[in-house]
Amino acid sequence: MALDLAGLYQRLQAEQRPMLPSGEHRAVVGCGYVGRRLVSGWSDEGHTVTATTRRDSRLHQLRSHVDQAVLFDSEATSNDLSFLGDVDVLVVSLAPTGQQHVCVEAYESVYRRGIEMLCDGIANRHSNRPLQIIHLSSCGLYGNRDGALTSEHMGLDLNHPVNALLAGAEQQLQSLRSEAINVCTLRLGGIYGPDREIPEWLVAAAGQCVERNGDHVPCWVHVDDVVQAVNLAAEQKLNTTLNVVDDIKLSKRAITDQLCEAIGCPPVIWMGSSQDERILHAAISNESLKDLGFQLQHPSMLQWYLKRRAASV
Ligand SMILES: NC(=O)c1ccc[n+]([C@@H]2O[C@H](COP(=O)([O-])OP(=O)(O)OC[C@H]3O[C@@H](n4cnc5c(N)ncnc54)[C@H](OP(=O)(O)O)[C@@H]3O)[C@@H](O)[C@H]2O)c1
């Protein structure tokens, strides 16, 4: 039977085509642990995606997940940031990757030089296109608040040089705010999730002496909730600062005691910390985020870990 191609074309044209969501151009500067998860979700949703890395060796790997992979290195004399010209959503997710110990020079390179290069690139865009910047910062900035309940309105502890650099990065990006540019600062807790099994690292110290203060209250957030918060900021075009942490407000000692007891190990022995250590000791509030309708997928790092553990045995 002869194919009636003309009739087929007519039928196809008459049919309603599925509408793709109107895609934006979204970019992640510093496409590491969080960035990888952001870009894979955005590609699935039909956005055009750009991502940066410092390493040639990662460019090729990134290219199979994004439309455009770009080298960006705060140590380079120049970087091609021309992609900023037509970006709608820009996530700044830079961190001095792979530091075993705090190295102030590495933080300085990323949070002073890197952020300055990026801000110059944004200021020199030849476009008035609306831009949503989402900066992934850290609750570490609140420093030592003696474990007090801490919202976004509380002062920052800039005594440690790393905190001063992080606060400078926040301010530099926020200073870009204009009619066309929104800046949302998300202050994150310590990020955990698959391949970043923080509870596993904590219980690895069971029965051993650790040269840290166990009575300090840190904060945590699952990587899925970071992704969810970034997407909320993009969708609601937020122009504010928000803490992004889970619901746990326990000291390190209380967390490790609960974990060790649940899996039948002796507790960690906390020995105290040295004077110049960077401290976070604050019960960080996530109320502002929840007031925007945000629901944590993982309210408790402890529950997340214990459920995973139970499922794997
Ligand atoms: N991890 C945490 O617990 C935590 C806690 C609070 C806040 N945060 C914030 O959350 C965001 C995401 O963290 P993450 O854990 O996903 O970070 P990550 O995996 O360490 O990725 C960091 C990214 O920054 C890039 N980078 C490192 N040094 C650079 C330099 N000198 N110049 C240019 N780029 C550089 C890395 O490049 P390569 O691709 O070459 O590695 C990588 O793409 C960061 O903004 C971080 O400050 C993280």
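What to note about this one:
- Any hit, segment 279-292, residues being among the β-branched types (Val, Ile, Thr) and either surrounded by 19 or more Cβ atoms within 10 Å (Cβ to Cβ) or under 20 Å from residue 140 (Cα atoms) (or both): yes
- When segment 43-59 is limited to residues that are of a type outside the set (A, V, I, L, M) and near the ligand (Cβ under 10 Å from one of its atoms), the one that is surrounded by the most Cβ atoms within 10 Å (Cβ to Cβ) turns out to be 52.
- Picking from residues in segment 262-278 that are out of contact with any strand residue (DSSP E or B) (no Cβ under 9 Å at 6 or more places or on another chain) and surrounded by 12 or more Cβ atoms within 10 Å (Cβ to Cβ), the one that is nearest to residue 221 (Cα to Cα) is 278.
- Within segment 18-42, considering residues that are more than 15 Å from the ligand (Cβ to nearest atom), out of contact with any helix residue (DSSP H, G or I) (no Cβ under 9 Å at 6 or more places or on another chain) and not aliphatic (A, V, I, L, M), the one modelled with the lowest pLDDT: 18
- The set of residues from segment 215-247 being surrounded by fewer than 22 Cβ atoms within 10 Å (Cβ to Cβ), in contact with a Cys (Cβ under 8 Å, 6 or more places away or on another chain) and part of a loop (DSSP other than H, G, I, E, B) comprises 238, 239, 240.
- 3 or more residues over 20 Å from residue 54 (Cβ atoms): qualifying helices (runs of 4 or more DSSP H) within segment 86-200: 161-174
- Any chance residue 121 is within 11 Å of the ligand (Cβ to nearest atom) and either under 30 Å from residue 24 (Cβ atoms) or at pLDDT 95 or above (or both): no
- Once segment 232-258 is narrowed to residues that are under 17 Å from the mean Cα position of the chain (by Cα) and within 15 Å of the ligand (Cβ to nearest atom), the residue that is farthest from residue 279 (Cα to Cα) is 233.
- The residues on offer are 99, 10, 61, 68, and the sole one that is closer than 21 Å to residue 227 by Cβ, modelled with pLDDT under 95 and polar (S, T, N, Q) is 61.
- Residues (in contact with a Pro (Cβ under 9 Å, 6 or more places away or on another chain), under 29 Å from residue 264 (Cα atoms) and crowded, with 19+ Cβ neighbours inside 10 Å) located in segment 178-213: 189, 192
- Top-ranked residue in segment 60-102 [being closer than 23 Å to residue 223 by Cα and β-branched (Val, Ile, Thr); ranked as farthest from the ligand (Cβ to nearest atom)]: 89
- Some residue of segment 62-71 being among the charged types (D, E, K, R), surrounded by fewer than 17 Cβ atoms within 10 Å (Cβ to Cβ) and out of contact with any strand residue (DSSP E or B) (no Cβ under 9 Å at 6 or more places or on another chain): no
The values are calculated or read from the model by the stated rules, or taken from the named source; none is laboratory data. Since this is a predicted model, take the numbers as computed values, not measurements. Glycine gets a Cβ as well: all are built from the backbone with ideal geometry, and neighbour counts include every protein chain shown.
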